[in-house]
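So the structure is just underneath, and the comments pick up after that.
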Amino acid sequence: MNWNVDLAGETALVIGGTKNIGLAVAQALQSAGAAIAVVGGSDQAALDGALDTLSKSGGDAIGFLKDMSDEAAVQSVFAETQEKLGPVSVLVNSPGYRPHGPFADITLETWNSVLAIMLTGPFLACRELFRGLPENRKGAIVNIGGLSAHRPAKDRAHVIAAKSGIAGLTRALAAEGQGRIRANCIVPGMIETTRKAGQPQAHLHGDDAFAHGSVDDVARVVLAFSSPRDTYTTGQVVHVSGGRYMA
């Protein structure tokens, strides 16, 4: 793939980058010249497969299995990535954890787990980029949001809360990093992906009228917001949903 974006000399960290949208994003960033680090949760086979896929393109790629809601783990990922590939200048937050269940049945443990993975982890990673980016460099953050944060669906109140928080966090980061670190949020719609059992897509009224998108549809838009050399567009929430949501 070649999306005509030059990321030569940049190091990109893709959290949730071992499969589906995250892996497609990692491939796109690599095709543009970035050195790549991907992070998965606990699936060694998915990490091995992602690194095999990325290695076939001939670029630099490393991977981690880490709990990115843990502060020490986040710090270690950034430190090792910097040691092996250079300081992270492009960060993509695409963690995936979407348990379903009626609101009244959501336990505090499940609520806290979803918020930790889907919101606290991105916060920690973004903070680490802000702290670790060399003074003479610029950075780009792309957070992956969720359509149900804008068109709410049943049985996913915890996920909706986390994804709504991601949109707000993105705007806060854009204000904090203005002129040096851009932050934007990409919201996929109905994308063809492989999900774990018990994590179906959220289905909204009227969805059948729209075609499903591909992971590459999302990756192309993520890549457009990924160059630290582009400094003007920041704080935006952009929907890649085939028209399911129009702001």
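The values are calculated or read from the model by the stated rules, or taken from the named source; none is laboratory data. Fair warning: this is a prediction, and the values are worked out from it, not measured in the lab. Note that we place each Cβ from the backbone using ideal geometry, even for glycine, and neighbour counts take in every protein chain shown. What goes into the accessible areas is simple: the full protein's heavy atoms, side chains included, and nothing from ligands, DNA or RNA. Shrake-Rupley method; radii C 1.70, N 1.55, O 1.52, S 1.80 Å.
Quick rundown of the values:
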quantity: Residue match in region 121-135 (condition: open to solvent by 20 Å² or more (accessible area, probe 1.4 Å) and in contact with a Ser or Thr (Cβ under 8 Å, 6 or more places away or on another chain)); calculated: no
quantity: Count of region 1-22 residues which are of a type in the set (A, V, I, L, M) and over 10 Å from the mean Cα position of the chain (by Cα); calculated: 5
quantity: Search result, residues across region 209-247 that are of a type in the set (A, V, I, L, M) and either within 20 Å of ILE166 (Cα to Cα) or within 16 Å of the chain's Cα centre (by Cα) (or both); calculated: VAL215, VAL218, ALA219, VAL221, VAL222, LEU223, ALA224, VAL237, VAL238, VAL240, MET246, ALA247
quantity: Residue list for region 97-120, filter: open to solvent by less than 60 Å² (accessible area, probe 1.4 Å) and assigned to a helix (DSSP H, G or I); calculated: THR110, SER113, VAL114, LEU115, ALA116, MET118, LEU119, THR120
quantity: Filtered residue count, region 25-47, keeping only those that are within 17 Å of the chain's Cα centre (by Cα) and open to solvent by less than 40 Å² (accessible area, probe 1.4 Å); calculated: 14
quantity: Unique match (being small (Gly, Ala, Ser), open to solvent by less than 10 Å² (accessible area, probe 1.4 Å), at pLDDT 95 or above and out of contact with any Pro (no Cβ under 6 Å at 6 or more places or on another chain)) among GLY22, GLY86, GLY9; calculated: GLY22
quantity: Filter result for ILE141 (open to solvent by less than 20 Å² (accessible area, probe 1.4 Å), out of contact with any Asp or Glu (no Cβ under 7 Å at 6 or more places or on another chain), under 19 Å from ILE21 (Cα atoms) and β-branched (Val, Ile, Thr)); calculated: yes
quantity: Count of residues meeting criterion [crowded, with 20+ Cβ neighbours inside 10 Å and over 17 Å from VAL25 (Cβ atoms)] in region 221-243; calculated: 1
quantity: Qualifying residues in region 166-178 (those that are open to solvent by 20 Å² or more (accessible area, probe 1.4 Å) and among the small types (Gly, Ala, Ser)) - the one nearest to LEU115 (Cα to Cα); calculated: GLY168
quantity: Among (1) part of a helix (DSSP H, G or I); (2) farther than 28 Å from HIS212 by Cβ - the single one ARG137 does not satisfy; calculated: (1)
quantity: Subset of region 77-96 (residues that are in a helix (DSSP H, G or I) and of a type outside the set (A, V, I, L, M)); calculated: PHE78, GLU80, THR81, GLN82, GLU83, LYS84
quantity: Residue within region 156-170 that is modelled with pLDDT under 95 and not hydroxyl-bearing (Ser, Thr, Tyr) present; calculated: yes
quantity: Residue in region 143-162 that is touching a residue at least 12 places away in the same chain (Cβ under 8 Å), out of contact with any Ser or Thr (no Cβ under 8 Å at 6 or more places or on another chain) and among the β-branched types (Val, Ile, Thr) present; calculated: no
quantity: Meets criteria (over 27 Å from SER76 (Cβ atoms) and not basic (Lys, Arg)) for LEU108; calculated: yes
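Condition check ((1) among the basic types (Lys, Arg); (2) farther than 22 Å from PHE225 by Cβ; (3) modelled with pLDDT of 95 or more) across all residues:
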| residue | (1), (2), (3) |
| --- | --- |
| ALA46 | no, yes, yes |
| GLY58 | no, yes, no |
| SER94 | no, no, yes |
| LEU115 | no, yes, yes |
| THR120 | no, yes, yes |
